Amino acid sequence: MVMDINEIREYLPHRYPFLLVDKVTELTIGESIVAYKNVSINEPFFNGHFPEHPIMPGVLVIEALAQACGILGFKTVNKLPADGYVYYLVGSDNVRFKRPVMPGDRLELRAQVERTKRGIWKFQCRASIDGEVACEADIICAERKIA
């Protein structure tokens, strides 16, 4: 299953500059997702992190992974933010950063469902660039009704 930015916007409540998933290239309902973030020098965080050596902040790499997890969760339970639901990032474990993410990189975001129980999801995640791991993490998200 492939999703372009227009469909991604239906499944994530985030908008620029905080929408960090540009495309989904693989999605298996209830199992896994592969998505991408195209990292541009025009990202607003590069103005201060670091002007002479721009690096994507690690917390935003984690956020990009969490957004991919949110898409997988929404698709799996067949719900949308428009229905009054949201996925909150509620935890991350075993986070390791292995290489910096820089302008021009195509950040591949992979997440696999480890388990789900009563609206709490745990995912095994990996962000990589050209096959080289940039970040690994276990991400926990909670599905909540907000409207």
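The values are calculated or read from the model by the stated rules, or taken from the named source; none is laboratory data. None of the values given here were measured: they were computed from a predicted structure. Methodologically, a virtual Cβ is constructed for each residue, glycine included, from the backbone with ideal geometry; neighbour enumeration extends over all protein chains shown. The protein model used for the area step is the full one, side chains on, heavy atoms only, and it has no ligands, DNA or RNA in it. Shrake-Rupley method; radii C 1.70, N 1.55, O 1.52, S 1.80 Å.
Remarks
- Taking only the C-alpha atoms of region 4-52, the Rg (one decimal) and the largest Cα-Cα distance, Dmax (whole number), read 13.3, 42 Å.
- Under the combined filter of DSSP loop state and at most 14 neighbouring Cβ atoms within 10 Å, region 25-99 retains these GluC sites (Glu not before Pro): Glu31, Glu52.
- Accessible surface of Ile146 - all protein chains present, 1.4 Å probe, nearest 10 Å²: 110
- The trypsin sites (Lys or Arg not before Pro) of region 7-90 that meet both conditions, a loop assignment by DSSP and at most 15 other Cβ atoms within 10 Å of the site Cβ, are Arg15.
- 22 Å Cα-Cα threshold exceeded, pairs from Lys75/Lys117; Lys75/Lys98; Lys75/Lys145: Lys75/Lys98
- Cα centroid separation, region 11-26 to region 42-76: 10 Å.
- Neighbours of Val113 by Cβ distance under 13 Å: Lys/Arg scored +1, Asp/Glu scored -1, total +1.
- Between 0 and 90 degrees, the angle of helix 58-77 with respect to the longest Cα principal axis of the chain falls at about 20 degrees.
- Percent of alpha-carbon pairs separated by more than 28 Å within the chain: 14
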